[in-house]
Amino acid sequence: MKDKVIWIDKEKAYILTVKEEDVDMEVLTSRTAELGEEPTDRQGGATEILKDRKVLERQKQMTKQYFDALSTKLQDAKRIMIMGPAQTGQHFFNYLDQEKNSISKQVLEVKKAEKMTDNQLKAVAREYYLSIS
């Protein structure tokens, strides 16, 4: 069993595994960026509403696949801390709570954090588990 820290946003997740003083990092990317942006010169109307619904449904499916892939990386975790900007971290925790209850019980904290460098992420992960041990 390992201690893990997840930094997550809509595009990618950094999975940090803490083993005493050593921190390993893995990156998992989301496919939601593949959808891209629609041109802004749209006409509107019923056809556009249907297109928007299809795009939103596709985004939901891709987000679920992203969360599924990320949750498989957490199955061997003893303790988990989730962080990231906006609401993605909380959405991921809610997903774990509903779909992967055994993993959600391992989550110690969900907190907001801005983008950090790789070294900053590793330092935060190391210090977090040293402070609670």
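Taking the Cα centre of the chain as the origin and placing charges on Cβ (Lys, Arg +1; Asp, Glu -1), which of 56, 14, 101 is farthest toward the positive end of the dipole?
Projecting each Cα onto the dipole axis, the largest value belongs to 101.
With point charges of +1 on the Cβ of Lys and Arg and -1 on the Cβ of Asp and Glu, referenced to the Cα centre of the chain, which listed residue (85, 130, 74) lies farthest in the positive direction of the dipole?
Sorting the options by dipole projection puts first 74.
Can you return the aspartates and glutamates within cross-link range of residue 73? Criterion is Cα-Cα under 14 Å, with same-chain partners fewer than 8 residues away left out.
Within reach: 3, 24, 26.
At 1.4 Å probe size, with the rest of the protein present, what percent of the exposed accessible area of the chain is carbon and sulfur atoms?
With neighbouring chains kept in place, the figure for the chain is 47 percent.
Report, in listed order, any pair from 10/115; 64/122; 19/100 with a Cα-Cα distance greater than 22 Å.
Beyond 22 Å between Cα atoms: 64/122; 19/100.
Given the -39500 (n - 2.57) contribution per DSSP H run of 4+ residues, what per-residue ellipticity at 222 nm results for the chain, rounded to the nearest 500 deg cm²/dmol?
Result for the chain: -14000 deg cm²/dmol, rounded to the nearest 500.
Select one label from [x] 11, 34, 32, 17, 6, 1; [y] 9, 18, 16, 14, 12, 10, 8, 7, 4, 1, 0; [z] 12, 40, 28, 13, 7, 1: the one whose number is P(r) over Cα pairs in 10 Å bins from 0, in percent as derived from the coordinates shown.
Among [x] 11, 34, 32, 17, 6, 1; [y] 9, 18, 16, 14, 12, 10, 8, 7, 4, 1, 0; [z] 12, 40, 28, 13, 7, 1, the one derived from this structure is [z].
Where the only charges are on Cβ atoms (+1 Lys, Arg; -1 Asp, Glu), what is the dipole of the chain about its Cα centre, to the nearest 20 debye?
Computed about the Cα centre, the dipole is about 360 debye.
What range in the chain is the longest one free of trypsin sites (Lys or Arg not before Pro) that are in a loop by DSSP and have at most 12 other Cβ atoms within 10 angstrom?
43-104
The values are calculated or read from the model by the stated rules, or taken from the named source; none is laboratory data. Remember, it's a predicted structure, so these values are computed and weren't measured experimentally. Cβ sites come from the backbone with ideal geometry, for glycine too, and all protein chains shown count toward neighbours. Calculation scope for accessible area: heavy atoms of the full protein, side chains included, ligands and nucleic acids excluded. Shrake-Rupley method; radii C 1.70, N 1.55, O 1.52, S 1.80 Å.
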